[in-house]
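Please read the structure below before turning to the comments.
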Amino acid sequence: MPKPFRWSIAKREQLGTLADAPQPPEAWFLGELRETAAKLLAFADGADLAFIGRTPENFYDYLSGAFEGWDDAPRLHLVQFSLRWVSAAAKTALAPDNIAALADYFDAEGVDPAAIAQRERPRTLS
């Protein structure tokens, strides 16, 4: 099953002109990111972390850099998932084949209930 596309910022040469004039993040954002990432690690209690969805991508990127070259670091895994909000009044449900495809994707990414339960090392979902 093909994974959703995501730009990789790991290799600067692949960014083309995107890296020509990078804007540094605001100081408040970096502080919040660092503090929240530390809380995620504390609550994970040594478990591997699976970041589900687009919102935690910043934590995945930040911690990937923080753990670079550290052999004992928790394993980080990004599961790309995004779902549009549909208001309760719209009464729109996901089609059964979409739910089945999502379940297949979670199985392939190792974040289905059976895979989590069978792991030697615990995995948290963020």
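The values are calculated or read from the model by the stated rules, or taken from the named source; none is laboratory data. Treat the numbers as computed from the prediction; the structure is a model and nothing was measured. Cβ: placed from backbone, ideal geometry, glycine included. Neighbour counts: every protein chain shown. Accessible surface areas use protein heavy atoms only, side chains included; no ligands, DNA or RNA. Shrake-Rupley method; radii C 1.70, N 1.55, O 1.52, S 1.80 Å.
Which residues, counting only those in the range 104-115, are among the aliphatic types (A, V, I, L, M), within 17 Å of the chain's Cα centre (by Cα) and open to solvent by less than 50 Å² (accessible area, probe 1.4 Å)? Val111, the sole residue that qualifies. Note on the range 89-99: residues that are open to solvent by 50 Å² or more (accessible area, probe 1.4 Å) and modelled with pLDDT of 70 or more total 6. Can you find even one residue in the range 8-29 that is open to solvent by less than 60 Å² (accessible area, probe 1.4 Å), modelled with pLDDT of 80 or more, of a type outside the set (Ser, Thr, Tyr) and on the phi < 0 side of the Ramachandran plot? No - not one qualifying residue is present in the range 8-29.
Each row is one residue, and each column tells you yes or no for (1) outside any loop (DSSP other than H, G, I, E, B); (2) in contact with a strand residue (DSSP E or B) (Cβ under 8 Å, 6 or more places away or on another chain); (3) open to solvent by less than 50 Å² (accessible area, probe 1.4 Å); (4) of a type outside the set (A, V, I, L, M).
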residue	(1), (2), (3), (4)
Leu33	yes, no, yes, no
Ala37	yes, no, yes, no
Leu40	yes, yes, yes, no
Gly69	no, no, no, yes
